[in-house]
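Have a look at the structure below, then the notes.
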Amino acid sequence: MVKKKEKTNEGFLHKIGKFLVAAWGYIVVGRDYFWKAVRFTLATGIFLFIAINIVISLISPLWQESNEVDPTGKVVVFSPQGVVVDQPPTPAPAQWWQDLDGVIPSQNGTIYYPYQDMLEYFEDFKNDERVDAMIFDPSGLGVSIVYALPIAKKMKEAVDAGKEIVVRSDFLTDGTYLLASTATEISVPTYSGISINGFGGARQYLKNFFEKFLITPRIFAAGDFKTGPEPYTSDRMSDEAKANLAFYDPLWNKWKNFVFENREIDLQWLADESYKQIIDGSVNPLEASLVWGVVDVIEESDAFDDRMKEKFGTAEDDDEALNAVYYRSYLASLEEDMPSKSKNEIKVVTVEGTIMGGPVVYGQAGSDGIVKMLKEAHEDEDTKAIVLRVNSPGGSVVDSDYMRWEIEKAQEKGIPVVVSMGTLAASGGYWISSLADKIYAEPDTITGSIGVYGTLFSFEKIFDWMGINYDGYSTTKWGAFDLTAMDWPEEFENLMRAGIYSTYDKFTSQVSNDRGIPIEKVREIAKGRVYSGEMALEIDLVDELGTLDDAIKYVAESAELEDYKVEHVIPPAPAADYMFQFDFIKNLFDAKENNHFTAEDIYKNIKIYCFECEIVD
């Protein structure tokens, strides 16, 4: 009985084993076929994907239209609505409040037209055989008085080369009329405006205001012609201030001569005398611009549109539309130069706007951003030279020094630094320029203004009128002194004045050392005087008159570069919340009962800024 039981068990286990072996065999076979199917499917899919894409790429041109517009035979339409700058700032990241359209203004809404691009645009238009004409409305273009003339000259070159430029505008001012004067035709509506005021303007003088409202301005200036702060201390413009604006006269004469050559119109007469004919009734105000030859045609928009369609034709697919190519489309159709593959890089760093702390935004050359740009330039091993493009009236002496120190670091590495001055390179703009290996200025660049000033205000008279008296105790002499609420002792005024004059001495010494000019001569040409580029060349404040391209070519030759590429360093974007900070709330919490005097109170209020240059931009 025992043996039979063992045999029965062995038979059962044997059958189980055979079943498992057979099952595993089927699993292995199924697995192999499964992976073969997967590999086949993947291979087939990849093959079909590649084959289909090849076929599509070969035959797609047969039915697909190119996004690029062919401008051949069309009239170019250019109606800029923005400002001409040397380099557009990098916008801050978009934030939730930017969706509140019209509620909170956004800096990102400004349209920028780089100055060099504007020159190239009209140069390309002149040389483009595909197009013969342009309709141009300059009324929405903001351009400095220094940059307006070179752009106008490029337009004039295009007209002289046989191109036709028709200007259509509702309103023209000095700068936009300068551009319009180059056109083959100027058309305006009946109710249009043309305002020629020349250079200059009125300023507020606040001496009497401060006296009436018991405010004490604490103004200190170094330089006989550093007259910018005088509106705080005077009730009228001084003779020195008027003399310091003489740099406008040569540029105004150039404008008058340019317009007269184009249209035989005397801008001086138009600004100073023409209105008398309206007063005596000899000219109808609505027809005056036509009678005086300022414009060629007075017509309403419908009449102008019909005339342009008759002149230049209508679109192929729309008989009601002008046969036109618009700015962006035309720009995209222009051939671009192939980028250089050279490892030798010339970095262009742009300093544009008032020099102060913080990031780079429109109108502000924030030292935080500029220092990062300079650092990026000189820390790149491929950088062989740096061109500093300066378009600034100056600003904070502290932040100007931060930039200057970073330029010195580049020079200590043996990297040549050349300055190219744009519209402005005055005061703080010259502070950061003088140490360059070579300085280029455009003929009408506004520069100089080597002077220093400081502005503070105290309100002790207001507190006295209100019956509030400030007093206290401190273990130090100035610990209980509130410089905004108490009258200033003479020695404190002397301390502030010493800070201003010390900075002025540093400024003039820097210029003397950087430019190799005897200090006596620097002191004579400084004093806060403002000069044009042509005037600055005569007194050695600049080395040569030329453009940004001239500066780049020079630095490439001086660095002995057989091949190179130019890279414009992009400003770092400001913080997302930079334009939306409630600083006044922070100040309320940070306010202290006593404002203790520190050295920072001197230096943060010392400015190297050209007030006289404000009208230039």
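Below, the figures for the structure above:
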| read-out | value |
| --- | --- |
| Expected-Rg normalisation [2.2 N^0.38 Å, Cα atoms] applied to the range 344-388 | 1.19 |
| Which listed pairs, of Lys343/Lys375; Lys256/Lys309; Lys156/Lys309; Lys212/Lys477; Lys126/Lys256, have C-alpha distances above 22 Å, in listed order | Lys256/Lys309; Lys156/Lys309; Lys212/Lys477; Lys126/Lys256 |
| Prolate/oblate/rounded call for the range 209-308, Cα gyration tensor, a/c under 1.5 rounded | prolate |
| Mean Cβ count within 10 Å, highest first, over the residues of peptides 493-504, 299-310 | 493-504, 299-310 |
| Å² of accessible area per residue within the range 265-315, as computed with a 1.4 Å probe and no ligands counted | 58 |
| Interchain or long-range residues, amide H under 5 Å from Glu442's placed H | Met421, Gly546 |
| Spin-label pair Thr475/Lys506, simplified geometry with 7 Å Cα→Cβ offset, distance in nm | 3.1 |
| For peptides 111-121, 344-354, sequence by mean Cβ density within 10 Å, most packed first | 344-354, 111-121 |
| Cut-off 11 Å between beta-carbons: net charge of the residues surrounding Gly358, Lys and Arg +1, Asp and Glu -1 | -2 |
| Cβ-defined net charge surrounding Tyr554, 10 Å radius [Lys, Arg +1; Asp, Glu -1] | -4 |
| Packing rank of 277-289, 512-524, 153-165, where each peptide gets the mean count of other beta carbons within 10 Å, highest leading | 153-165, 512-524, 277-289 |
| Shape call, the range 349-423: gyration tensor on alpha carbons, a/c limit 1.5 | prolate |
| Tensor-based shape of the range 411-545 (alpha-carbon gyration tensor, a/c under 1.5 rounded, otherwise prolate or oblate) | prolate |
| Pairwise FRET efficiency - Lys207 versus Met466, Cβ, R0 = 22 Å, nearest 0.05 | 0.45 |
| Under 9 Å, Cβ to Cβ, from Glu345 - net charge with Lys/Arg +1 and Asp/Glu -1 | +1 |
| Selection of trypsin sites (Lys or Arg not before Pro), the range 211-256, meeting DSSP coil and at most 11 other Cβ within 10 Å | Arg236 |
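The values are calculated or read from the model by the stated rules, or taken from the named source; none is laboratory data. Just so you know, these numbers come straight off a predicted model, no measurement behind them. Backbone-built Cβ (ideal geometry, glycine too); neighbour counts: all protein chains shown. Side chains included, ligands, DNA and RNA excluded: accessible areas come from the protein's heavy atoms. Shrake-Rupley method; radii C 1.70, N 1.55, O 1.52, S 1.80 Å.
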